[in-house]
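Visitor: Before I ask anything, let me first share the structure, which is written out below as structure tokens.
The values are calculated or read from the model by the stated rules, or taken from the named source; none is laboratory data. Values in this document were obtained by computation on a predicted structure and should not be read as measured data. Every residue, glycine as well, gets a Cβ built from its backbone with ideal geometry; the counts of neighbours run over all protein chains shown. Just the protein is used for accessible areas: all its heavy atoms, side chains included, with ligands, DNA and RNA removed. Shrake-Rupley method; radii C 1.70, N 1.55, O 1.52, S 1.80 Å.
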Amino acid sequence: MTAREPGTTARVLVAGIGNLFLGDDGFGPEAVRRLARDGGLPPRVRVVDYGIRGMHLAYDLLAGYDALVLVDAYPGGGAPGKLTVLRIGEEDLGTGEFDAHGMNPVAVLANLDQLGGTLPLTYLVGCTPAGVEEGIGLSEAVDKAVPEAVQAVHTLLRRLVPTEPAEPTASVKSAEPRRS
């Protein structure tokens, strides 16, 4: 993470990615919707449903976030509903053609430098979809994975956002006798 002033917290962007009109591709938007609804997020954490607005995500990242957590359908293998948490670095991105009217997270992140930005510390909370055919609504397996994804995001946020120092409770006085 980038260096911060003492006593400040990290700025973290949690981005829901996906098309809710393509079945389980709507996993990211649904997970961040529940995350925002449930609350309990640290200060300076911004939760946004980007859907398929890649350019919007790219420009928001130019605001200087310390970390990014993408929440998206991830065809990484395994049974539908399987969660995967990955750290993503520049070496993982390769190249991709940036489409100002669509969402290809790899292309958005790979081309961030062309807009004058840098890739923040980035994680993916991904879920293996059962299907991404036209239709609204998540499959049963992916819907059951949403609460686990919300918890995975909270776990990442606890690591990424330092807790504020505790207030001193009471001073302890010395038991030694005073010397004159």
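Visitor: For region 30-140, with all protein chains present and a 1.4 Å probe, just round the carbon and sulfur fraction of the accessible area to a whole percent.
Guide: Whole-percent figure for carbon plus sulfur exposure: 50.
Visitor: Whole angstrom only: what separates the Cα centroid of region 16-55 from the Cα centroid of region 103-142?
Guide: If we compute the Cα centre of each part, the gap is 10 Å.
Visitor: Place the peptides 11-24, 36-49, 109-122 in order of packing, highest mean first, counting for every residue the other Cβ atoms within 10 Å and averaging per peptide.
Guide: Sorting 11-24, 36-49, 109-122 by mean packing, highest first, produces 11-24, 109-122, 36-49.
Visitor: Using just the alpha carbons, could you tell me how many Å³ per residue the convex hull of region 44-93 encloses?
Guide: In region 44-93, the Cα hull volume divided by residue count equals 120 Å³.
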